[in-house]
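The values are calculated or read from the model by the stated rules, or taken from the named source; none is laboratory data. What you see is a predicted model; the values in this text were computed from it and never measured. FYI the Cβ positions are ideal-geometry reconstructions off the backbone, even for glycines, and counts take in every protein chain you see. The area values use the complete protein model at the heavy-atom level, side chains included, leaving out ligands, DNA and RNA. Shrake-Rupley method; radii C 1.70, N 1.55, O 1.52, S 1.80 Å.
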Amino acid sequence: MNSKHHWESVYQRNTTDQVSWFRSHLEASLDYIQAATPDPHAGIIDVGCGEATLVDDLLALGYDDITVLDISESAIEAAKRRLGKASSRVTWCVGDITQVILKARRYDLWHDRAVFHFLLDSNQRAAYVRQLCYSLVPGGHVVMATFGPEGPTRCSGLDVVRYSATQLSEQLGPSFELLSDHLEVHETPTGHSQQFLYTHFRHKDGIGRSLSVHRHGDDIF
Ligand SMILES: C[S@@+](CC[C@H](N)C(=O)[O-])C[C@H]1O[C@@H](n2cnc3c(N)ncnc32)[C@H](O)[C@@H]1O
């Protein structure tokens, strides 16, 4: 089963609060985002948003330039339904972050909770980091959460890579400066504890890109 089919099936088989990564609010992410980009007009992209309420909470805080992306259309549709009319204030995208052609624009902040750690192949990780570099403004922020060094080795039936802050820093490369990190224990809906690593990086210089550059991918939005 390919990745898209896997995730569509996960969201079709489970309600929002049945998946192991469910939290009613992504408190740590919200804290990092508000500290990094207090300006409500900051461009924020949530990569692999799933059905998380981060978008609802960001809208409630007054953020008005939010993009959410997921490989699963079912997850995006569920989040849209939950938001109702407010969903028109969000840019929604369905695509694989390692392949999608993102809009020709840059974001002030890139958020990822529990997506990067599913990328097992170094080529996939390189594609993700390229996308990140193309998409951030110079000096832009990355708030990324993965399983920590003592976190689970599998999630949602898939193998994952666990990271320390140093290891994640190595993955993102020298143009990203680690500003802060912490470990957090997440309690799953079935009562299991999972160690998460939260990180905040800043893109030191920004890699120049022409916004008209054509890149190859499988989705356009
Ligand atoms: C563990 S869930 C986390 C969801 C959400 N970030 C949260 O914290 O509640 C991982 C999410 O990443 C999405 N995903 C997995 N691989 C992806 C990819 N290559 N591109 C975009 N989304 C992806 C899945 O559909 C799923 O919604």
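Magnitude of the charge dipole for the range 56-164, about its Cα centre and with charges confined to Cβ atoms of Lys, Arg (+1) and Asp, Glu (-1), is about 180 debye. Which one of ASP56, ASP31, ASP205 has the biggest mean-square fluctuation once the chain is modelled by GNM with Cα springs under 10 Å? It is ASP31. Using 0.36 nm per residue and subtracting the Cα-Cα separation, the extra length available between GLN34 and LEU179 on full extension is 50.7 nm. Non-local lysine pairs in the chain, meaning eight or more places apart or on different chains, with alpha-carbon distances under 26 Å, amount to 5.
Other residues whose C-beta falls under 11 angstrom from the C-beta of ASN2 contribute a net charge of -1, scoring Lys and Arg +1 and Asp and Glu -1. Here, the chain has an Rg and a Dmax of 16.2, 48 Å when only alpha carbons are counted. Based on Cα contacts under 8 Å between residues 6+ apart, the chain shows a relative contact order of 21 percent. A simple packing score, the average count of other Cβ atoms within 10 Å per residue, orders the peptides 117-125, 143-151, 45-53, 82-90 as 45-53, 143-151, 117-125, 82-90, with the highest score first. Here GLU73 and SER193 are evaluated by their C-beta separation; at R0 = 25 Å the FRET efficiency comes out at 0.20.
Here's the picture: charge each Lys and Arg Cβ at +1 and each Asp and Glu Cβ at -1 in the chain, and of TYR63, THR98, HIS6 the one pushed furthest to the positive end of that dipole is THR98.
Working from label points 7 Å from Cα in the Cα-to-Cβ sense, the ALA86 to THR16 distance is 1.0 nm.
Charge dipole of the chain (Cα centre as origin; +1 on each Lys and Arg Cβ, -1 on each Asp and Glu Cβ, all else neutral): 500 debye, rounded to the nearest 20.
The share of accessible area on the chain that comes from carbon and sulfur is 50 percent, using a 1.4 angstrom probe.
Taking 0.36 nm per residue of separation and subtracting the Cα-Cα distance, full extension of the segment from LEU120 to LEU61 would add 17.8 nm. The spacing between the range 6-25 and the range 28-68, judged by their C-alpha centroids, is 20 Å. Calculated accessible area for the chain comes out at 46 Å² per residue, all protein chains present (probe 1.4 Å; ligands, DNA, RNA ignored). Available extension along the chain between SER164 and GLU8 is 53.2 nm, counting 0.36 nm per residue and deducting the alpha carbon span.
Please give the calculated 222 nm ellipticity per residue for the chain, where each DSSP H segment of at least 4 residues contributes -39500 (n - 2.57) and the sum is spread over every residue; nearest 500 deg cm²/dmol? One gets -8000 deg cm²/dmol as the mean residue ellipticity at 222 nm.
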